[in-house]
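Student: Questions regarding the structure given below will be posed in turn.
The values are calculated or read from the model by the stated rules, or taken from the named source; none is laboratory data. Because the structure is a prediction, the values reported are computed rather than measured. Cβ sites come from the backbone with ideal geometry, for glycine too, and all protein chains shown count toward neighbours.
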C-alpha cells in the first residue's frame with residue numbers, strides 16, 4: 001500500500017510533497033494555505049484602503065485642483081498599462097491552470113509571459129514617471145510646476161505618486177515571486193497533487209491587478 | 001470526507017488533492033469581459049455627465065471588473081464559500097471606513113455658520129426657528145463674550 005502510493009506519487013510529479021501530520025488530508029492542507037493567502041489579501045486591501053480614503057478626502061477638499069491636475073495624466077498610457085495587467089492576470093490564471101494539469105512546460109511558459117507583461121507595465125510606468133519628474137510634479141517641496149490655475153495640484157500628484165508607487169512596488173515584488181515559482185516549476189516541483197505556491201502567488205498577482213482596476217479610473221479618468 | 005458541505009465531488013477521490021480545473025473558455029471569456037469593460041470605462045470618461053455621475057459610472061464598471069477577477073481568476077466561484085466571506089468582509093469594512101470619513105471631512109465647516117445665526121436650544125431642539133426672537137439674542141451672545149455658555153452650546 002505504502003510503496004504503491006509512493007510509486008503513484010513519482011508518476012504524478014511533486015515527489016517531495018507531503019501532507020503535514022496535523023492535516024487529515026491534502027485538501028485540508030490546501031484550504032488552510034488558501035485561507036492564509038486570503039487573510040493576507042484582506043490586509044492588503046485595508047492597507048490600500050487607507051490610501052484610497054486619503055484620495056477621497058483630498059478630492060473632496062481640493063476638488064477643482066484634482067479635476068485640473070488629472071487632465072495632465074496620459075489616459076492612453078494608463079489604458080495600455082491596464083491592458084498589460086489584465087493580460088498578465090490571464091496568463092497567471094492559465095499558469096495556475098497548467099500547474100493543476102501537471103503541464104510543466106506550459107506552466108513555465110505562462111509564468112514567463114506574466115513576468116514579461118509585468119515588466120512591460122513597469123516600462124510604461126518608467127516613461128510616465130520620468131515625464132512627470134521632468135515637469136516638476138514630484139510631491140511636497142519638490143513640486144515646482146507652473147501654469148496651474150488652481151491652488152493645490154501638488155496634492156493630487158502627491159497622492160498619484162504614493163498610490164502608483166506603492167502599487168508599482170507590489171508589481172516588482174510580484175515579479176520576484178513569479179520568478180521564484182517559475183524556477184520551482186522548471187525543477188518539476190509542481191503537479192496536480194501540489195501547486196499551492198503557484199496558486200498563492202497567482203492570488204496575490206490578481207489582487208495587484210484588482211487594485212489597478214480601481215487606480216486607473218480614479219486617477220486617470222475621473223480625477 | 002463525505003460531508004454534505006463538500007464543495008466539489010472530487011473530495012471522494014482519496015487522500016490526494018484533485019484540483020478543480022476551470023475550463024479554458026471561462027478564462028478567455030473573463031479576459032474578454034475585462035478588455036471590453038476597459039474600453040467602455042475609457043470611452044465613458046470622454047462623455048461629460050458631471051463629475052459625480054462620471055465618478056460613479058467609473059466605480060461601477062471597476063467593481064464589475066473586480067468582481068469578475070475575483071470570481072473566475074481568483075476562483076472564488078468554485079472555492080470554499082468561507083474565502084468569499086473573508087474577502088467580502090474586507091470590502092464591507094473598507095466601505096464603512098471611506099464613507100464614514102466622507103461624512104466628516106466633506107461637510108467640515110458647513111455647520112458652524114448656521115450655528116452662529118441660529119443657535120440650538122437644548123431644552124427644545126425641535127422648536128421652529130423663530131427668527132425675530134432668536135436673532136437678537138444670537139447677536140448679543142458674541143458681544144457678551146460667552147457668559148458661561150448659558151444660551152449657545154459651548155464651542156470647543
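Student: How many residues does the range B:89-123 hold that are within 17 Å of the chain's Cα centre (by Cα), more than 10 Å from every other protein chain (Cβ to nearest Cβ) and either surrounded by 13 or more Cβ atoms within 10 Å (Cβ to Cβ) or in a loop (DSSP other than H, G, I, E, B) (or both)?
Tutor: Residues flagged as within 17 Å of the chain's Cα centre (by Cα), more than 10 Å from every other protein chain (Cβ to nearest Cβ) and either surrounded by 13 or more Cβ atoms within 10 Å (Cβ to Cβ) or in a loop (DSSP other than H, G, I, E, B) (or both) within the range B:89-123 amount to 0.
Student: So in the range B:24-42, with the set limited to residues that are more than 10 Å from every other protein chain (Cβ to nearest Cβ) and out of contact with any helix residue (DSSP H, G or I) (no Cβ under 9 Å at 6 or more places or on another chain), which one is nearest to residue A:78 (Cα to Cα)?
Tutor: B:36
Student: Cβ-Cβ under 7 Å, sequence separation 6+ or interchain: first residue in the range B:82-93 and over 13 Å from residue A:34 (Cβ atoms), partner buried (at least 17 other Cβ atoms within 10 Å of the Cβ). Which pairs?
Tutor: Sorted first by the residue in the range B:82-93, then by its partner, the pairs are B:90/A:42; B:90/A:45.
Student: So which of B:36, B:18, B:42 ends up being without any contact (Cβ under 8 Å) to a residue 12 or more places away in the chain and crowded, with 19+ Cβ neighbours inside 10 Å? Break it down into steps so the answer makes sense when it comes.
Tutor: Values: B:36 fails: crowded, with 19+ Cβ neighbours inside 10 Å; B:18 fails: crowded, with 19+ Cβ neighbours inside 10 Å.
Result of the check over B:36, B:18, B:42: B:42.
Student: With respect to residue B:48, determine if the residue is over 16 Å from the mean Cα position of the chain (by Cα), within 7 Å of chain A (Cβ to nearest Cβ) and closer than 19 Å to residue A:59 by Cβ.
Tutor: On the way: over 16 Å from the mean Cα position of the chain (by Cα): yes; within 7 Å of chain A (Cβ to nearest Cβ): no; closer than 19 Å to residue A:59 by Cβ: yes.
Criteria not met by residue B:48.
Student: Taking the range B:66-88 on its own, how many of its residues are assigned to a helix (DSSP H, G or I) and either under 17 Å from the mean Cα position of the chain (by Cα) or more than 8 Å from every other protein chain (Cβ to nearest Cβ) (or both)?
Tutor: Within the range B:66-88, residues that are assigned to a helix (DSSP H, G or I) and either under 17 Å from the mean Cα position of the chain (by Cα) or more than 8 Å from every other protein chain (Cβ to nearest Cβ) (or both) number 9.
Here is a yes/no grid of residues against (1) farther than 30 Å from residue A:85 by Cα; (2) not assigned by TED's automatic domain parsing to the domain that holds residue B:22:
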residue: B:34; (1), (2): no, no
residue: B:46; (1), (2): no, no
residue: B:50; (1), (2): no, no
residue: B:91; (1), (2): no, yes
residue: B:101; (1), (2): yes, yes
residue: B:106; (1), (2): yes, yes
residue: B:110; (1), (2): yes, yes
residue: B:126; (1), (2): yes, yes
